[in-house]
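For reference, the structure is listed below as structure tokens.
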Amino acid sequence: MLQAGGASLATAVVVGALIGPAQVAARILEFGLLRKIHPLLSARLAASLHPIGAAVFILVGSPAASLFGVLHGAGNGILTIAKGTLPLVIFGPNQYGLRQGLLMVPARIAQALAPWLFGVCIDLWGGKALWVSGGLGLLATAALFGVQSTPREPATGIAAAK
């Protein structure tokens, strides 16, 4: 994808190597600083980092590839924490496991299909396929702005978890 967007093979490899450390650094930031704010704000920040990085890479090109990789990795790192904490804060501990399972099924299906679908997008549109993932990231960010930051009355029973 980075090469299709104008980055060299060497740059693409370096960017790929930056993603993991960016995830770890973001988790440390989450542990030290972001844990003092509501998990919904962390989730919004996490969801917005990939689209920001994608937009900068699309507009600037290869010189922004490293920034894209760092923002993508940082967003992923924070999102890993937010996926566990946000449902707990929003829904409470009652049937947390069931609720997490219901929330994770569509996410895991999308995660399984994403490499193949994004590969098709790259074949069709080259580097412009990044608009797809950036757009999906914007949709996720917008959806998180529709989530209430204060929990509603606790629901009970399996039907309430659906």
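The values are calculated or read from the model by the stated rules, or taken from the named source; none is laboratory data. Note that the coordinates shown come from a computational prediction; the quantities given were computed from them, not determined experimentally. Don't worry about glycine lacking a Cβ; one is built from the backbone with ideal geometry, like all the others, and counts go over all protein chains shown.
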### Task
Could you run through region 46-64 and say how many residues are surrounded by fewer than 24 Cβ atoms within 10 Å (Cβ to Cβ) and in contact (Cβ under 8 Å) with a residue 40 or more places away in the chain?
7
#### Entry: Candidate set: region 83-100, residues that are in contact (Cβ under 8 Å) with a residue 60 or more places away in the chain and not hydrophobic (A, V, I, L, M, F, W, C); chosen: the one surrounded by the most Cβ atoms within 10 Å (Cβ to Cβ)
ARG99
### Summary
Subset of region 29-53, residues over 12 Å from THR141 (Cβ atoms) and modelled with pLDDT of 95 or more, comes to GLY53
### Message
List the residue pairs whose Cβ atoms are under 7 Å apart, where the first residue sits in region 113-131 and is free of Cβ contacts under 8 Å to residues at least 40 places away in the same chain, the second is assigned to a helix (DSSP H, G or I) and not polar (S, T, N, Q), and the two are 6 or more positions apart or on different chains.
### Response
CYS121/ALA129; CYS121/VAL132
### Task
Check whether at least one residue in region 134-146 is modelled with pLDDT of 90 or more, out of contact with any Pro (no Cβ under 9 Å at 6 or more places or on another chain), buried (at least 16 other Cβ atoms within 10 Å of the Cβ) and of a type in the set (Val, Ile, Thr), and report yes or no.
no
### Contacts under 6 angstrom Cβ, first residue in region 65-82 being farther than 15 Å from LEU18 by Cα, partner of a type in the set (Gly, Ala, Ser) and in a helix (DSSP H, G or I), 6 or more apart
ILE78/ALA26; ILE78/SER42; ILE78/ALA46; LEU79/ALA46; ALA82/SER42; ALA82/ALA43; ALA82/ALA46
